[in-house]
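Values quoted throughout were computed directly from the atomic coordinates according to the rules given, and no laboratory measurement underlies them. Fair warning: this is a prediction, and the values are worked out from it, not measured in the lab. Please note: Cβ atoms are built from the backbone with ideal geometry, for glycine as well, and neighbour counts cover all protein chains shown.
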Amino acid sequence: MAKRKVSKADFKKALEIGRPPNIKRLFPNSKALIVSGKVVDRAMIAKGRAIAMAANGRNQFVIRGVLQAAQRANTPVIIEIAKSEGGIKAYCAVNYWNMAMLVDTICNELGITIPVAIHADHYGIKNEKDLAAAKMEIPTFFEAGMTSIAIDASHLPDDQNLLANISINPYIPKWAGLETEVGEIKGDEGLSTVEEALFLIQGLNAHDIFPDWIALNNGTTHGIEEKDSGIQVQLTADIHKAIEKYIVSGAQHGTSGNSSERLRQILAKTHTTKANVATALQMISWGVQVNDYGNAILDANGNFNKVKEEGVSEELWTEMAAYAQSKNWKKGDYKNLNLPFENKLLAQPKEIRDRIVKQVEAFAYKMMTEVFNSQDTAPFAIEAILKADSCDLGPKVTRMEDPVQWTESKIIEQAARLASDKGPAGKFDD
């Protein structure tokens, strides 16, 4: 495909009309093209067989490196943070309320011109208390610059998952990107089924809710992958086929534990347009040795391999590892180092900070161009904005389901007939 370019006039127009109202209010003089998540999804669909990287910005180095990679690849990108990472009980300094400000500042500093969505990932709702809190919290982070959200009530039974999505929807701006989830991400147990996904999407459609993405438990886990089962491509393809007429794209979680080849299969055989990358980027920013798809390589004693003269300084890494050991943290718990060490990371000398960013950029660029096939999709995003003449691209479909068949009582009735195995109980948050 010949490289597509965006004219200065088209970019200027997109900047004028494509930024959502919250972004315009917060950053009135900005030259950063922060957009709805819908824009990113549409750009991938327009190219076909393309997936946008959704990078969990656990620290500022990850955000910088990914933005630079996206600029080089000429692709829209999603910068996201999950509730566990950046909610009210965060383990990262980057959070739901400051991420848009960080992204906007970095974009302006670096001259980033590709479209960027700011996504609240895995906003978990596990009970009535969470649902009540969501109605208070969700508006606050849209006020702080969020442009997309993933409602994750997958921990609940199918009827309660659907009802929670319906209940919370009035608190999400209509222009915002929307992701829903069926099946809690917990590896090869409690896998999502075609029936569960269809139930969720049909029920939402009946209530005039049209998600841009659906996330599944299709075999992956969050964090460090300890076995090679990974993404079940055929299951994903079957589910995407079943909901095809509703034009809901796939959101792939847990990519860090999957080979590039398996991710290419997801690209080729499913309707996936968003892939979350979290743990890999964190490890690379610290200088931990990873394989070609970002899974940490452990030594014979089960410890991380810190690569000399990559990532943080050797002295700081020694301090970080000692801190983790003092807490008796397992390898999957090292993510909790983000918050206590944020300022020490920022206090590293410039040459170390620069190499961290460069290493993140190199890994992200390779994924974008050699695995996700998203290069040169930025013009499609601009075209979508100009065609809509708005920041709000609207839904991809209209209502097809009869609301009368999807009242609360009928939702509960239908869910009781679903064959469902939610897998083991436990804490599976990102």
Taking the chain as a Gaussian network, where each spring joins two C-alpha atoms under 10 Å apart, which residue of 80, 310, 413 fluctuates the most? 413
Gyration tensor on Cα atoms of the stretch 325-428, a ≥ b ≥ c root eigenvalues, a/c under 1.5 rounded, else prolate if a/b beats b/c, else oblate, says oblate
Scan the chain and hand back the longest stretch that contains none of the trypsin sites (Lys or Arg not before Pro) lying in DSSP loops with at most 15 other Cβ atoms within 10 Å. 90-173
Sequence order, the stretch 35-44: Karplus ³J(HN,Hα) from phi using 6.51 cos²θ - 1.76 cosθ + 1.60, θ = phi - 60°, Hz rounded, Gly and Pro as x, gives 10, 5, x, 4, 5, 5, 4, 5, 5, 5
Using only the Cα atoms, work out Rg/Rh for the chain, with Rh taken as the Kirkwood radius, to two decimals. 0.95
Rough spin-label spacing in nm, given labels placed 7 Å along Cα→Cβ, for residue 30 and residue 5: 2.7
Using modelled amide H (1.01 Å from N, peptide plane; none on Pro or chain starts), what sits under 5 Å from the amide H of residue 272, excluding residues fewer than 5 places away? 250
Amide H neighbours of residue 152 under 5 Å, at least 5 residues apart or on other chains, H built in the peptide plane: list them. 123, 124, 125
What are the residues whose amide H is under 5 Å from the amide H of residue 208, where those residues sit 5 or more places off or on another chain and H is modelled from the backbone? none
